[in-house]
1. Considering region A:115-151 alone, what residues qualify as being in contact with a helix residue (DSSP H, G or I) (Cβ under 8 Å, 6 or more places away or on another chain) and facing chain B (nearest Cβ under 9 Å)?
2. Residues in region A:58-79 that are among the charged types (D, E, K, R), in a loop (DSSP other than H, G, I, E, B), facing chain B (nearest Cβ under 7 Å) and touching a residue at least 12 places away in the same chain (Cβ under 8 Å): how many?
3. Enumerate the pairs (first residue in region A:165-178 and surrounded by 14 or more Cβ atoms within 10 Å (Cβ to Cβ); second residue anywhere and among the basic types (Lys, Arg)) with beta-carbon separation below 9 Å, excluding pairs fewer than 6 apart on the same chain, so at least 6 apart or on different chains.
4. Exactly one condition in (1) more than 14 Å from chain A (Cβ to nearest Cβ); (2) assigned to a helix (DSSP H, G or I); (3) touching a helix residue (DSSP H, G or I) at 6+ places or on another chain (Cβ under 7 Å) is not met by B:His268; state its number.
5. What's the number of the only condition in (1) away from chain B (no Cβ under 14 Å); (2) out of contact with any Gly (no Cβ under 8 Å at 6 or more places or on another chain); (3) not basic (Lys, Arg) that A:Asp165 fails to meet?
6. Having 3 or more residues that are surrounded by 19 or more Cβ atoms within 10 Å (Cβ to Cβ) and not aliphatic (A, V, I, L, M) is the bar; report the helices (runs of 4 or more DSSP H) wholly within region B:501-600 that clear it.
7. Considering only residues of region B:391-402 that are in contact (Cβ under 8 Å) with a residue 24 or more places away in the chain and more than 14 Å from chain A (Cβ to nearest Cβ), which is farthest from B:Val464 (Cα to Cα)?
8. Give the residue, chosen from B:Glu298, B:Glu314, B:Glu323, that is away from chain A (no Cβ under 14 Å) and acidic (Asp, Glu).
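Quick note: the coordinates plus some simple rules give every number you see, no bench work behind them. Quick caveat, the model's predicted, so the values are computed rather than measured. Cβ sites come from the backbone with ideal geometry, for glycine too, and all protein chains shown count toward neighbours.
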Amino acid sequence: MILTILLLLIAGSAPAQDPLTAELDQVARTATAMVDGDVARGIQTKRSIEMMLEKNPRDHWAAADNYDVDHDAYVATKKTLIRLSKLCTSACDVNLWLPVTGKPDRVHVVIRNVNEISQFWRWGDLDQPMPPEMKAVLESGRRQTVRQRGTMISVLAPVYDSLGDIVGLVEVAASTNPNPQENVQ
Amino acid sequence: MIFKRFPLLFLLFLLGQANAADLTVLPAYVRADPFGQIVEADRSARVQPAARIELTSARDAYASCRLLVTSPQPVSYSLKVSGPLETSLYREWFHYLPRSKRYYPDALVPTPANVRAELPAADNRIASQTAQSYWLDIWIPATVRPGAYTVDAVLESGGVKSTLPVRIQVLDAAVPAEDPILIDHNSYGTGWLLTQYPELVNRTKDFYLSDAFFGLIHAYHRVFYEHRGIYHQLGYGHGGKTGPEFAPRLEGTGKSKHVADWTLFDKHYAPLFDGSAFAGTHRGAKPIPFVYLPVNPEWPASFLWWGQPGYEREFVNVMREMEAHFREKRWFQTKFELFFNHKKRYKGFDWDGDETRFLHDLPHFVEYQRLMKLAFPEDSPVKWVYRTDASWQMERQFKLQAGVINMWVVGDGMFRWYAENAPVLKGRGDIVWTYGGTPRVDESSSHITRDLLEPWMLGVDGFVRWQTVSPGPDPWFKFSGGGETLVYPGGRFGVDAPLASARLKLQRNAMQDLALLDAYKTSATLPAIRAEVAKRYNGTSPSEWRRPRPALADTDPLTWDNVTIGEAVPDDPRFSSGLDAAAWERVSTYVKTLAKERRP
C-alpha cells in the first residue's frame with residue numbers, strides 16, 4: 001500500500017513523459033538559453049510591421065505582399081533554430097513565434113523550418129489570434145507541452161531579451177508519425 | 001392487368017418505349033446540361049443539337065464532337081460508335097455547382113465504343129435527368145488518305161435503332177508534332193494523391209514506394225502529354241522539405257555530403273527523361289521538355305551553412321553528382337529548372353524566390369547562379385535553365401537579372417503592359433512563359449483557348465496554369481467550379497488514373513489548330529495571320545492583346561497593391577466575360593481554310 005501511494009505521488013508530482021516529449025522538452029529548455037530575443041525582435045522590418053498593423057482595407061493581401069525581414073537577424077536566428085533541431089534524434093522543427101507589436105492578443109510565426117511542423121501555424125496567415133497556451137508561456141515563463149493536432153507534439157518555451165523580458169517563444173515540434181510527403185507543396 | 005382493360009394505353013406505352021430516346025449531336029465547343037438544354041455559358045454560340053454533323057480535320061490530330069442522348073422518361077439504351085477511324089467515347093459527368101445551382105459537364109468517363117446505359121444515370125444522382133452527353137474523339141492518323149469518312153453513332157432504345165452520321169473531311173495537311181507554344185499544367189508534391197485515390201492507397205502496401213504510386217505519377221504526365229500539354233510537379237515545400245521521390249537521398253554533412261541513393265528518384269524520373277513513360281501514345285515516346293530541380297535554400301545544402309564554406313561545398317558536391325548521373329543516363333533532352341518557389345511570408349526563408357517583391361532579394365539569385373556554374377561544366381550536355389516566376393518587379397528584373405535568369409514565367413495580365421519586352425527577352429535567348437489560372441466550367445467553353453492564344457499573339461513561348469490537379473473536396477456533387485483542375489481522379493469509376501476533362505480536350509484541339517496555324521507563317525506573313533486570328537477570335541487587333549502601359553508602371557512597385565494594379569488598366573470584356581463559346585471555332589475554321597489552300 002505504501003509503495004502504491006509513493007508511486008502515485010511520484011506520478012502526480014512529475015507526469016511521466018514519453019521519450020519523444022522528454023526530448024522535445026530538453027530542446028525547448030535549451031532554446032530558451034540559446035535564442036537571442038533582441039535579435040529575434042529585429043527580424044521583421046519596421047515597414048513590414050507597420051503594414052501588418054495598419055491593414056489595407058482594399059487589399060486583403062497587402063500586408064503579406066509587403067512582409068519583409070532583416071536578412072542578418074533572420075539568418076542568425078534561423079541558424080540557431082536549425083542547430084537546436086539537430087538535438088532531436090528524429091525529425092523536429094524549432095519555430096519562432098513573437099507577439100504582434102502593439103497587439104498583445106495576436107501572435108505571428110517569424111521563422112519556420114524544414115519539416116513545417118507546427119500545431120499553431122495556420123497556412124497563409126501572416127498573424128493570428130494568440131493561443132491560450134502561448135499566452136500562458138509568455139506570461140509565466142514556464143514551458144508547456146501541447147498535443148492538440150493529430151500526431152503532433154509541441155513544447156513551447158519562452159525567449160528572453162537582454163533585459164530579462166520574455167519577448168517571444170519557440171515551438172519545438174515533432175510528429176509521432178512523420179509523413180515524408182506532407183508539406184511538400 | 002391494366003393494359004388488358006385499356007389496350008390504347010398499352011399502344012401508347014409501346015410507342016413511348018419505342019421513341020423513348022433520341023440521339024443528336026453538338027459541336028465540341030457547345031455543352032448541354034442534364035436536361036438537354038445548352039448550358040448558359042455556351043448559349044452565345046447560338047447552336048442547338050442537330051441530327052448530323054460534319055467535321056473537318058487535318059491528319060495526325062483528333063476531331064471531336066458531343067453526342068446527346070435524350071429521353072423525357074427513364075429509359076435503357078445502347079450507344080455504339082463505329083467506323084473506319086479510331087474512336088474514343090466518354091460519358092460526360094454532370095457536376096453540380098451549388099453557387100449557381102446549375103449542372104455543367106466536364107469530367108470524361110471512358111466508356112466502351114458500344115455502351116449500355118440508363119437514363120437517368122444512377123451514379124450521377126440527378127433524378128430528373130433527361131439527357132446524357134458523350135464526348136467523341138476521332139483520331140485521324142498521319143497515314144490515312146485524305147477524303148471523306150463517316151463514323152456512325154447508333155442509338156438503340158426500346159427496340160428502335162437510330163443512326164447519326166458523323167462525317168469527317170480529312171485534309172491533306174498534317175498537324176506538326178511540335179507546338180509553337182507549350183501549355184504547362186502545374187502541381188505541388190504528391191500528398192494530395194492520398195485523398196484523391198483512397199482505394200488505391202488502401203489496397204497498396206507501402207504506397208509511396210510502390211509501382212502503383214510511380215505509375216500514377218506517370219499517368220498524370222501522360223494525360224497532359226496526350227492532350228498536347230506538359231506537367232510540372234514541384235517537389236519541395238516552402239520550408240525546403242523535399243519529397244523522397246523528387247530528390248535523391250543524401251548523407252553526410254559539409255565536405256562529406258553526398259548522394260546515397262538514387263532509387264526513388266530514378267524510378268520517378270527515368271521514364272520521364274527517356275520518354276518511355278509515353279510509349280504507346282499517339283504522340284510517341286518523347287522525354288519531357290522541362291522539369292523542376294529539387295534545389296531550394298535547404299537542399300542540397302543545409303541552410304545552416306548559408307554564407308559559410310560548407311554551403312558551397314555541400315551544394316556543389318551534390319549538384320556535380322546530379323550532373324554526372326544525368327550525363328551517364330544521357331538525359332539530355334530535358335531542361336532542368338533551377339527554380340525557387342518560397343516566399344518570405346511563409347516564414348521559411350528570408351527572401352522571396354517566387355514573385356520577388358523586394359529588389360534587395362535579388363543578390364540571392366546571383367549566388368545560386370555562381371554555385372550552379374561551379375557544379376555544372378559549361379559544356380555539359382545536361383541542360384539547366386534558371387527560372388523565376390515574376391510579377392511585381394518583372395520589368396525591373398528583366399534588366400537587373402539579365403544574364404542570370406534565362407527562363408521567365410510572368411503574370412499574364414501584367415506582362416501585357418510590358419509586352420514590348422518580349423522580343424528583347426527572346427532576342428537574348430531567354431524562354432518566356434506567361435502564367436495564370438484555369439477557366440471554371442461555368443465560363444464559356446472558349447475561355448480555355450485564350451490562354452494558349454495569348455502567348456502566341458505576344459510572341460512568347462508558353463503558358464503555365466498554376467494548379468491543375470485540385471478538383472476540390474467533392475467535385476462530383478458539390479463542385480467549386482474547376483478553377484484549379486483540368487483532370488479528375490478516376491477511382492470512382494474503377495480507373496487508377498486521372499480522367500481528362502472536356503476543357504482539357506478543347507484545349508488540346510485548339511493546340512492542334514495553333515500548331516497547324518503556326519506552320520503557315522512561312523507562306524503568309526505572321527502579322528497578317530495574327531490580325532485575322534484576333535479579328536475572328538474576339539473582334540480585336542493584335543495590338544489590343546497588349547495592354548497600354550499604365551502610368552502605374554512608372555512608379556515604385558512597392559507602392560502598388562492588388563487593387564491599384566487592377567485599376568491601372570480597366571478590364572476588357574472581349575478577353576473575359578465577353579468571349580463567346582464559338583470564338584475558337586472561328587479561328588479553327590480559318591486554320592482549316594488555310595490548310596485547304598496551302599501546304600506547310
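1. Passing the criteria: A:Gly124, A:Leu126.
2. From region A:58-79, those among the charged types (D, E, K, R) are A:58-59, A:65, A:68, A:70, A:72, A:78-79; that's our starting set.
Those still in the list that are in a loop (DSSP other than H, G, I, E, B) too: A:58-59, A:68, A:70.
Checking which are facing chain B (nearest Cβ under 7 Å) leaves us with A:58-59, A:68.
Subset that is touching a residue at least 12 places away in the same chain (Cβ under 8 Å): A:68.
Looking only at that region, the number is 1.
3. Qualifying pairs under 9 Å: A:Val167/A:Arg41; A:Gly168/A:Arg41.
4. If we test B:His268 against (1) more than 14 Å from chain A (Cβ to nearest Cβ); (2) assigned to a helix (DSSP H, G or I); (3) touching a helix residue (DSSP H, G or I) at 6+ places or on another chain (Cβ under 7 Å), just (1) comes out false.
5. Only one criterion is unmet by A:Asp165, namely (2).
6. Working: elements: B:502-519, B:526-538, B:562-568, B:583-597.
The helices (runs of 4 or more DSSP H) meeting that bar are B:502-519, B:526-538, B:583-597.
7. B:Leu400
8. Working: B:Glu298 fails: away from chain A (no Cβ under 14 Å); B:Glu314 fails: away from chain A (no Cβ under 14 Å).
One residue alone meets the criteria, B:Glu323.
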